[in-house]
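The values are calculated or read from the model by the stated rules, or taken from the named source; none is laboratory data. Keep in mind that this is a model prediction, so the values were computed, not measured. Ideal geometry is used to build each Cβ from the backbone, glycine not excepted, and the neighbour counts take in all protein chains shown. Areas reflect the complete protein model, heavy atoms only, side chains present, ligands, DNA and RNA absent. Shrake-Rupley method; radii C 1.70, N 1.55, O 1.52, S 1.80 Å.
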Number of protein chains: 2
Amino acid sequence: MPAAAEIRAAIHIAAIVCIFLAGTMLVPLAGSAVFGWAGEWPFFVSALTVGLSSTVVGFATRGPAPRFTARFGFIVVNLLWWVAGIVCAVPLMLGPAQLTLVDAFFEAVSGITTTGSTVMVMLDSTDPSILLWRSMTQWFGGLGILTLGMFLLPYLNVGGMQLFRVESSDRSEKPLPRFVDMSRWMLLVYLMISGACVVAFMGVGMTPFDAINHAMATVSTGGYSTHDASFGYFDDNATLWVGALFMTLGGLPFPLLIMLAQLRIRGQIDPQVYVFLGLIALTTLILMIGRPGVEANTFESFTKDLFNVVSVMTTTGFAADDYTKWGGLAVPLFFVITFFGGCAGSTAGGLKTYRLIVSFELLRASLKQLSHPHAIFIMRYGRHRVDPAIFRASMVMAVAFVGSMAALTVALGVCGLDFVTAISGSVTALANVGPGLGDTIGPAGNFSALPDAAKLILALGMILGRLEILSVLVLLSPALWRS
Amino acid sequence: MPAAAEIRAAIHIAAIVCIFLAGTMLVPLAGSAVFGWAGEWPFFVSALTVGLSSTVVGFATRGPAPRFTARFGFIVVNLLWWVAGIVCAVPLMLGPAQLTLVDAFFEAVSGITTTGSTVMVMLDSTDPSILLWRSMTQWFGGLGILTLGMFLLPYLNVGGMQLFRVESSDRSEKPLPRFVDMSRWMLLVYLMISGACVVAFMGVGMTPFDAINHAMATVSTGGYSTHDASFGYFDDNATLWVGALFMTLGGLPFPLLIMLAQLRIRGQIDPQVYVFLGLIALTTLILMIGRPGVEANTFESFTKDLFNVVSVMTTTGFAADDYTKWGGLAVPLFFVITFFGGCAGSTAGGLKTYRLIVSFELLRASLKQLSHPHAIFIMRYGRHRVDPAIFRASMVMAVAFVGSMAALTVALGVCGLDFVTAISGSVTALANVGPGLGDTIGPAGNFSALPDAAKLILALGMILGRLEILSVLVLLSPALWRS
């Protein structure tokens, strides 16, 4: 099928998604009607505008469904994240928050990529309809990345994700019915965890509104809060523990959570799980030991250490404290774990745990090879033997990540950002974490003071990171566009 | 041969090198005698102590020469750089500089790894015997890395360096006579370039003493100066141009320079050359365009831009100006090019130009593969078809570099360094550049204020970087020690 027909069909899919998003704008609208928030008119206008224009576009782009090719897949995912960013920005511009075009786009992209960097200040006095909409963009973004990570990237062979094809462990089943079954379970489990998170947050004393918003931003590892102080607002150990638990769930591979929900454990547990949990424990331990010794470790300090580590490692980005003020190894350590990210197949971003495992395995094999140059080494992931090409693809993604970081850092320098803001901003965007380092964009700050050009560069970085970089760069490859 | 016999033989080789180093201590001693410097007694004691003890160790470790195995090679290179660091530190402790043990070791390792980070202040009033010795350590270090890069690492298969086996283009010749021939030419060309550099520096007005010292630190891409202000002391365009020219020569592949000296160009020019020169030109251009617009570009500012870019890209580390005060993109840009480094087979450090080429080729092939998953792609380096395993080895080294950077950054954070000092310090050590960023270790500062633990960590980083990381890590691989 020629590229034009695929672009047509991709726009059609994007239009359908936008109609759905327009429908979800009725939720803050209804909230405004019931609770007297200020979002009635702006969300009505947004839903109507987006809904009507998407319907027109959707009708105009009707046609035969294209065969699923790699190119079609890449066009769809790129288009979806950009268009969703634009559509979700509409109520932020029209609504009581009155954001500028660039600010609204930044905030919306940060939402749907579940990054959680914000340009909004004085959240505590922001209209609830806007706060709810921000949280909703993250929840949908989480669902989007789960779909991407479980059903698209593994089949598009992006960055070694083919390791995680859901049917690989059971070749007897037909893929399509299994996909439909898996996606139903995915939605169900996502809803179950979200619901459990709402209940748990209310149990430790959040208002229903705060509980719903934070639950959506927690299970999606997004990180938008309804308070400027983020989780620092609650100042309560129990709340931090609930948050840490559900962020951790958001960072685990969803196929595992689905198996747990189905009350069956089949085959080997993905090695990512052990390494991911182990890295959280190790980092927290290093932080506790290395804490500059003024104050002793207490249960409270341990809770804050763990919460902030989980928040960054799962790429959520909630802050329970300004950890950049902890001194010593805290800042470099948080910088380093910003890269790590959660497990593949979760809502988390970053390099992903399995790429750390693969890099380590490759390093180990390379060191062995230096001693025995002519020996053949078998690469394994867990118990499974893996084609070295898959390992190489993982490494290429890691190198592309570091290369993108370098390019974005220089570009942000051109915009006038200082070095720490530029480098930590580019990493936090690419890894979809949220806060950066330094006084401006650190956990105690926000992104409002940055120039517009920097905000657009960071939004690009978030989408690059969310789509595993290569899915975006492939659009620049002439080979893709040749028939 | 068992490991013990190989260690014995490696110590024997190290002892011979130390006897040679003790002999070279007679140069500052003679200088002191002739010119009345204060180094007579300390260099006499150092030469005697090192010479005698090395002779004793050399005698004690006599024995049959072992067959050359990979393990023997790794033991030798690791031992050599550590022992040379210790031996070269002796005059710095005993001499008029009176450095502490840790400071002297840091300074000596920074010398022999041609890094150029310094803990010494008030260089302008430091005794010339010490200044000369520092420059000499860099010149020897440059010779060491040329030997390593041309004759050892390619045969030890480290990090994809097997691409650069000197005999590969002409399989009819016997390797050993060709090695002897090549190493003679290597020494001759290194001497010729060094001599030419001395003459050129004197031609633009340096004193003979400054010219000799800076020539040794330039062709080795080391970066030690005899002035606190480094090249800023001379404040003269012609001097900067001469420096830039000879630093560039130091960053080019030596096999090419040897071919030029032999007045014959055979086969294809190593693609590194074009990319390396192209990156210098591109970075300088970006710097000129992106310069915060207060002052217009002049020939002088262009000269300073070019000099500093060449200085960092060749991993020399001379400073003509405090570029961290230029603002805007200067700091992120200099940070990024600190990673790049010069060509493999040169005296420069860093990731090396060919790894940038290989990474780019792999990325391009991966993007093509996303469009055509079942196509087979042939990897090339220049015109030569290359085994994908060599490409993978290059990537593993790049990933090990980034991983080491992360580990060192956290370790420096534990020592209490601020984030910018920690991250730029670890990169500048691993890439063997010299200056870092920030007020402490930036181009206008030095490493004297750091705690001892940080200095030792940085010295480890320099040796890691100099030996391409994997050559050091392999010592931790159990496979190496199995017979």
Kindly rank B:461-467, A:418-424 from highest to lowest mean number of other beta carbons found within 10 Å of each residue.
B:461-467, A:418-424
First select every other residue whose beta carbon is under 10 angstrom from the beta carbon of A:V386; then total the charges, Lys and Arg +1, Asp and Glu -1.
0
Which value, in square angstrom to the nearest 100, describes the accessible area buried between chains A and B on both sides, using a 1.4 angstrom probe?
4000
Within the accessible area of the protein assembly as shown, what % is carbon and sulfur when the probe is 1.4 Å and the other protein chains stay in place?
69
Set the bar at 28 Å for Cα to Cα. Now go through A:K304/B:K455; A:K455/B:K304; A:K325/B:K455; A:K352/B:K368; A:K352/A:K455; A:K325/B:K325 and name every pair that lies beyond it.
A:K304/B:K455; A:K455/B:K304
Quick one: which residues, 5 or more positions from A:Y381 or on another chain, have an amide H under 5 Å from its amide H? H modelled 1.01 Å from N in the peptide plane, none for Pro or chain starts.
A:V386
Where the label is 7 Å out from Cα toward Cβ, how close does A:W41 come to the same position in every other copy, in nm, shortest first?
9.2
Could you give, in nm with one decimal, how far B:N237 is from each other copy of that position, shortest first, with labels 7 Å out from Cα toward Cβ?
7.0
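Within the set of other residues whose C-beta is less than 10 Å from the C-beta of A:H227, count the net charge using Lys and Arg as +1 and Asp and Glu as -1.
Details: positive: none; negative: A:D124, A:D210, A:D228.
Summing Lys and Arg as +1 and Asp and Glu as -1 gives -3.
May I ask you to order A:234-240, B:409-415 by the average number of other C-beta atoms within 10 Å around their residues, highest value first? Before the final figure, lay out the partial values.
On the way: A:234-240: 18.4, B:409-415: 23.7.
In descending order of packing, they fall as B:409-415, A:234-240.
Ranked from the most accessible area to the least, with a 1.4 Å probe and all protein chains present, what is the order of B:I212, A:I86? Don't skip to the end; give the middle numbers.
Numbers: B:I212 75, A:I86 100 Å².
The residues order as A:I86, B:I212, largest area first.
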With θ set to phi - 60°, apply the Karplus curve 6.51 cos²θ - 1.76 cosθ + 1.60 along the stretch B:462-467 and write out the HN-Hα couplings as whole Hz, x wherever there is a Gly or Pro.
4, 5, 3, x, 4, 8
Taking the Cα centre of each part, how many Å lie between the stretch A:274-351 and the stretch A:23-97?
36
Shape of the stretch B:86-138 from its Cα gyration tensor (a ≥ b ≥ c, root eigenvalues): rounded if a/c is under 1.5, otherwise prolate when a/b > b/c, or oblate?
rounded
Calculate the length of the line joining the C-alpha centroid of the stretch B:413-439 to that of the stretch A:411-460, in whole Å.
21
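Can you give the mean number of other chain Cβ atoms that lie within 10 Å of the Cβ atoms in peptide A:148-158?
On the way: counts 0, 0, 0, 0, 0, 0, 0, 1, 2, 4, 2.
The per-residue average across the peptide is 1.
When the helices in the protein assembly as shown are scored as -39500 (n - 2.57) per DSSP H run of 4 or longer and the sum is shared across all residues, what 222 nm value do you end up with, to the nearest 500 deg cm²/dmol? Mind showing how you got there, number by number?
Numbers: 42 runs with 618 residues, N = 966.
Dividing the helical sum by the residues of the protein assembly as shown leaves -21000 deg cm²/dmol.
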Out of residues 5 or more away from B:G349 or on other chains, whose amide H comes under 5 Å of its own, with H placed 1.01 Å from N in the peptide plane?
B:G342
For Cα pairs less than 8 Å apart in space and 6+ apart in sequence, what is the mean separation divided by the residue count of chain B, i.e. the relative contact order in percent?
17
Name the residues whose placed amide hydrogens come within less than 5 Å of the amide hydrogen of B:L437, ignoring near sequence neighbours (fewer than 5 apart) on the same chain.
B:S424, B:G425
Heavy-atom accessible area per residue of the stretch A:245-383, all protein chains kept, 1.4 Å probe, expressed in Å², is 39
Heavy-atom accessible area ranking, 1.4 Å probe, most first, across B:W81, A:W82, A:W326, B:W133
A:W82, A:W326, B:W81, B:W133
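Given a Förster distance of 45 Å, report the FRET efficiency between A:L285 and B:I378 from their Cβ-Cβ distance, rounded to the nearest 0.05.
On the way: r = 47 Å, r/R0 = 1.05.
The calculated FRET efficiency here is 0.45.
Tell me the trypsin sites (Lys or Arg not before Pro) within the stretch A:172-274 that lie in a loop according to DSSP and have at most 11 other beta-carbon atoms within 10 Å. Provide the component values of the computation, followed by the final result.
Values: sites: A:R178, A:R184, A:R264, A:R266; in loops: A:R264, A:R266.
Passing sites in the stretch A:172-274 are A:R264, A:R266.
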For a quick check of understanding: with a 1.4 angstrom probe and all protein chains in place, what accessible area in square angstrom does A:L249 have, to the nearest ten?
40
Copies compared at A:G203 - label distances in nm, ascending, label defined 7 Å from Cα in the Cβ direction:
8.1
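What number, in percent, do you get for the relative contact order of the stretch B:1-77 if the mean sequence gap of Cα pairs under 8 Å and at least 6 apart is divided by its residue count? Walk me through the numbers on the way to the answer.
Details: 73 pairs, mean separation 37.8, N = 77.
Reported relative contact order: 49 percent.
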Applied in sequence order to the stretch A:134-144, the curve 6.51 cos²θ - 1.76 cosθ + 1.60 (Karplus, θ = phi - 60°) yields integer Hz couplings, x standing for Gly and Pro, of 4, 5, 5, 4, 5, 5, 5, x, x, 5, x
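Count the net charge of all other residues whose Cβ sits under 14 Å from the Cβ of B:G144, scoring Lys and Arg as +1 and Asp and Glu as -1. Could the numbers behind the result be given before it?
On the way: positive: B:R466; negative: B:E468.
Summing Lys/Arg as +1 and Asp/Glu as -1 gives 0.
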Counting other chain Cβ atoms within 10 Å of each Cβ in A:325-336 and taking the mean gives 6
Using only atoms on other chains, find how many Cβ atoms lie within 10 Å of each Cβ of peptide B:400-412 and report the average.
4
Backbone N within the stretch A:71-105 under 18 Å of label point (7 Å from A:L48 Cα along the Cβ vector)
A:90-96
According to the square roots a ≥ b ≥ c of the eigenvalues of the Cα gyration tensor, what is the shape class of chain B, taking rounded for a/c under 1.5, prolate for a/b larger than b/c otherwise, and oblate for the remainder?
rounded
Quick one: 3J(HN,Hα) in Hz for the stretch A:325-337, Karplus 6.51/-1.76/1.60 with θ = phi - 60°, rounded, Gly and Pro as x.
8, 6, x, x, 7, 4, 5, x, 5, 5, 4, 5, 6
Those residues of the stretch B:347-375 for which accessible area with every protein chain present is at least 10 Å² below the isolated value (1.4 Å probe):
B:S359, B:L362, B:L363, B:S366, B:L367, B:K368, B:Q369, B:L370, B:S371, B:H372, B:P373
How high is the relative contact order of the stretch A:101-260, in percent, with contacts defined as C-alpha pairs under 8 Å that are six or more residues apart?
28
The stretch B:88-131, accessible area per residue, ligands and nucleic acids excluded (1.4 Å, Å²)
29
